[in-house]
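Visitor: The structure's right below; bear with me while I get my questions together.
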Amino acid sequence: MSKISRRKLITTGLAATASVAGLGVAARLAEKYGLVPPDHGGIYGLGETLTYASQRLLTRHSLAREFSRSQISKPPFANEIEPPTDEFKRLQAGKFAEWRLSVNGMVVRPASFSIDQLKRYPSHSQITMLQCEEGWSYIAEWIGVPLSQILQAVEVLPQARYVVYFSIEPDTWESIDMADALHPQTLLTYGMNGDELPVGHGGPLRLRVPRQVGYKNVKFITHLTVTDSLKGFGKGLGGASPEFGYAWYAGI
Amino acid sequence: MGDSACIPSAASAVPTTAATSRHSALVRITHWITTLCFLALLVSGAEIVISHPRFYWGETGNDLTPTLFKLHIPASRHLVPTGYKFVLPDANGWSRYLHFQAAWVVVFTGLLYAIYGFLTGHFRKNLLPGRADLSWRALSRSIAGHLRFERPSEAEAWSYNVLQRLSYLFVIFVLFPFVIWTGLAMSPAFVSAFPATVNVLGGQQSARTLHFFVSLALVLFLLVHVGMVWFAGFWSRMRAMITGRAATPSTDTTMERI
């Protein structure tokens, strides 16, 4: 066993100081450029932050893979849904004519949209895959209005960082950052495979986020809030799934 | 590879002084970090599979489509038709968190090990088989020796035999890269930036099925590896991988491998 030399001690000390300082700077920069997810605390915070930060850097503008019409799954698999609430049944009886999507928070003009009003915006259709974190998947054509169009209509304030979206189902809400909210494929979806969006798939309105797995694609959307911080929502983790133990960012 | 002729054969790699350690500190540390990560990946990966123990080929697959094969185990979701009357608890939340965290740690550890291995000549000196060891005669002798469960020679306390070298190289340069690749090919965000990573595998479900098979190959390696360590002398091999110390071979022993 050789004795630790003074030179070695100094180099190790310098290297350790540099690493700590480097980590500090990295954390500051990550915070500044929005690379820190709301669930960065806790024992899995390291992995979650690395995944979110690296995927955000790599995929800010990349498009989810689109497929040909012949690749559409027939029939598409509908995951189970909770028994509908009385409110949902009432709206369904009226053919969802009274369904409203309200948008507020850090916007110039808070607004409320009926499905018909959403349909008046130029519609966008995409054939993308929906994959569940469990492992199964299907491909469908999704028709709707890009979320970015609605955010443009209500005029989002520049300090906005997240869009929080709520379902008519109790305690069902998630959030995405502005990179995903303004992404051209993030779609307020009202149609599927050339038809209305079936209730089993989240009709009359579902938010499709095709670059994230199933649970971020919340069904029965009634409300959006634009915010600069997720701290005021629930436990501050950014969604019902993170509160249930699932990662906030689900790009993998 | 031009200098492979001067790579010492297993026997001549035996050091004569006790001061040298069997495994360098970096090899020992990365070995045990990788072990911990692999166990975490295995447990969490099994939990994730339990939520949908069906496998497919191509882009898509779900309860309505035919499977490539299915595991006859109960599931943690009650929509999956398993034939069992009970449903296991949902563990995907922490499993996915742990899986990706362990994946990050093992990727960084692997990178550190790979850089070290190339820079110090660890791969060339300790893992690349000598040319003489790759002849049919030498290979079949080594295979026959393994099949007869011959005790490893004293030299093997200090150097890997040819089958060990080949399997370690295969795990390091084929199985680990492929398991990372097939894992990333399942990520909808990653493949939006790098679609070729999933397209060349034949689709997202193919990537998932391949990820499962590579994991099985790694588990098989783990079992054989631990079995061989046990057979070679569990405590001496464990001591070598933990402290770096191995039994010093006596100088008068003939090291040639007959």
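Visitor: Would you work out if region B:131-247 is rounded, prolate or oblate? Take a ≥ b ≥ c from the square roots of the eigenvalues of the alpha-carbon gyration tensor; rounded if a/c is under 1.5, else prolate when a/b is larger than b/c, oblate otherwise. Spell out each step's value before the answer.
Guide: Numbers: a/c = 2.93, a/b = 2.14, b/c = 1.37.
It comes out prolate by the Cα gyration axes.
Visitor: While we're on this one: What residues of region B:60-95 lie in the reach of a label at A:Ile43, counting those whose backbone N is under 20 Å from a point 7 Å from the Cα along Cα→Cβ?
Guide: Only B:89-95 pass the distance filter.
Visitor: Using a 10 Å cut-off on Cβ to Cβ distances, tally the other chain neighbours for every residue of B:223-236 and report the average as a whole number.
Guide: Values: counts 0, 0, 0, 0, 0, 0, 0, 0, 0, 0, 0, 0, 0, 0.
Per residue, the average neighbour count from other chains is 0.
Visitor: Let me check the size of region B:43-85 from its C-alpha atoms; what are the radius of gyration and Dmax in Å?
Guide: Radius of gyration, then largest Cα-Cα span, for region B:43-85: 10.2, 30 Å.
Visitor: Report the longest stretch of chain B that contains none of the chymotrypsin sites (Phe, Trp or Tyr not before Pro) sitting in a DSSP loop with at most 10 other Cβ atoms within 10 Å. Mind dumping the intermediate values first?
Guide: Details: sites that count: B:Phe86, B:Phe149.
The longest uninterrupted stretch comes out as B:150-258.
Visitor: May I pose another question? In nm, to one decimal, how far is the modelled label at B:Ala132 from the one at A:Ala97, with both set 7 Å along Cα→Cβ?
Guide: About 9.3 nm, to one decimal.
Visitor: Taking chain B as the reference, fit the longest principal axis to its C-alpha atoms, fit the long axis of helix B:136-147 to the helix C-alpha atoms, and give the angle between the two in degrees, 0 to 90, nearest 10.
Guide: So the inclination is approximately 70 degrees.
Visitor: Now, a different point. Shape call for region B:61-150 from the C-alpha gyration tensor, a ≥ b ≥ c root eigenvalues: rounded (a/c under 1.5), prolate (a/b greater than b/c) or oblate?
Guide: On the way: a/c = 3.59, a/b = 1.78, b/c = 2.02.
Oblate.
Visitor: Cα to Cα, under 18 Å, and not fewer than 8 places away if on the same chain: which lysines meet these conditions relative to A:Lys32?
Guide: A:Lys231
Visitor: What is the angle, in °, between the Cα long axis of helix A:45-59 and the longest principal axis of the Cα atoms in chain A? Nearest 10 is fine, range 0 to 90.
Guide: The angle comes out near 70 degrees.
Visitor: What percent do you get for the relative contact order of chain A when only Cα pairs under 8 Å and 6+ apart count?
Guide: Numbers: 420 pairs, mean separation 50.1, N = 252.
Contact order relative to length: 20 percent.
Visitor: While we're here: Computed on alpha carbon atoms, what radius of gyration and Dmax characterise region B:17-93, expressed in Å?
Guide: 19.8, 66
Visitor: Going 7 Å from the Cα of A:Gln71 in the Cα-to-Cβ direction, what parts of region B:209-228 have a backbone nitrogen less than 18 Å from that spot?
Guide: Hits in region B:209-228 for A:Gln71 at 18 Å: B:209-210.
Visitor: Enumerate by residue number the GluC sites (Glu not before Pro) in region B:114-202 meeting two conditions: DSSP loop (anything except H, G, I, E, B), and at most 14 other Cβ atoms within 10 Å of the site's Cβ. If you can, show how the numbers build up before the last one.
Guide: Numbers: sites: B:Glu150, B:Glu154, B:Glu156; in loops: B:Glu150.
When the GluC sites (Glu not before Pro) of region B:114-202 are filtered for loop state and at most 14 Cβ neighbours within 10 Å, B:Glu150 remain.
Visitor: While we're on this one: Give a quick list of trypsin sites (Lys or Arg not before Pro) in region A:87-196 that DSSP marks as loop, anything other than H, G, I, E or B, with at most 15 other Cβ atoms within 10 Å. Let's see the in-between values first.
Guide: Working: sites: A:Lys89, A:Arg90, A:Lys95, A:Arg100, A:Lys119, A:Arg120, A:Arg161; in loops: A:Lys95, A:Arg161.
For trypsin sites (Lys or Arg not before Pro) across region A:87-196 that sit outside H, G, I, E and B with at most 15 neighbouring Cβ atoms in 10 Å, the list reads A:Lys95.
Visitor: Moving on. So how many Å³ per residue does the convex hull of the Cα atoms of region A:65-243 work out to?
Guide: Numbers: hull volume 20.4 nm³, N = 179.
Dividing the Cα hull volume of region A:65-243 by its residues yields 114 Å³.
Visitor: Determine the calculated [θ] at 222 nm for chain A from helices alone, applying -39500 (n - 2.57) to every DSSP H run no shorter than 4 residues and normalising by the residue count; nearest 500 deg cm²/dmol.
Guide: On the way: 7 runs with 72 residues, N = 252.
Here the helix-only value at 222 nm equals -8500 deg cm²/dmol.
Visitor: How many percent of Cα pairs in region A:158-247 exceed 24 Å?
Guide: Working: 632 of 4005 pairs.
Within region A:158-247, distances greater than 24 Å cover 16 percent of Cα pairs.
Visitor: Also: Along the three principal axes, how long is the protein assembly as shown when you take its alpha carbons, biggest first, rounded to the nearest angstrom?
Guide: Principal-axis extents of the protein assembly as shown (Cα, largest first): 94, 57, 43 Å.
Visitor: State, in angstrom, two size descriptors of chain B derived from its alpha carbons: Rg to one decimal place and Dmax to the nearest whole number.
Guide: Over chain B's Cα set, Rg and Dmax evaluate to 21.7, 70 Å.
Visitor: Looking at region B:39-105, which trypsin sites (Lys or Arg not before Pro) are in a loop (DSSP not H, G, I, E or B) and have at most 14 other Cβ atoms within 10 Å? Walk me through the numbers on the way to the answer.
Guide: Details: sites: B:Arg54, B:Lys70, B:Arg77, B:Lys85, B:Arg96; in loops: B:Arg77, B:Lys85.
Sites meeting the loop and neighbour criteria: B:Lys85.
Visitor: On to the next question. Suppose R0 equals 51 Å; then what is the FRET efficiency for A:Ser114 and B:Trp57 from their Cβ-Cβ distance, rounded to the nearest 0.05? It would help to have the intermediate numbers written out before the result.
Guide: Values: r = 43 Å, r/R0 = 0.85.
Calculated transfer efficiency: 0.70.
Visitor: Let me ask something additional. How crowded by other chains is A:67-75, given as the mean number of beta carbons from other chains within 10 Å of each beta carbon? Please report the intermediate quantities before stating the final value.
Guide: On the way: counts 3, 0, 0, 0, 4, 1, 6, 2, 3.
What the average comes to for A:67-75 is 2.
Visitor: Another one. Could you let me know the centre-to-centre spacing of region A:69-127 and region B:101-173, using Cα atoms, in angstrom?
Guide: Using only Cα atoms, the two centres lie 58 Å from each other.
Only the coordinates and a few stated rules stand behind these numbers; no lab work does. This structure is a prediction, so every number in the text was calculated from the model and none was measured. Note that each Cβ is placed from the backbone with ideal geometry, even for glycine, and that neighbours are counted across all protein chains shown.
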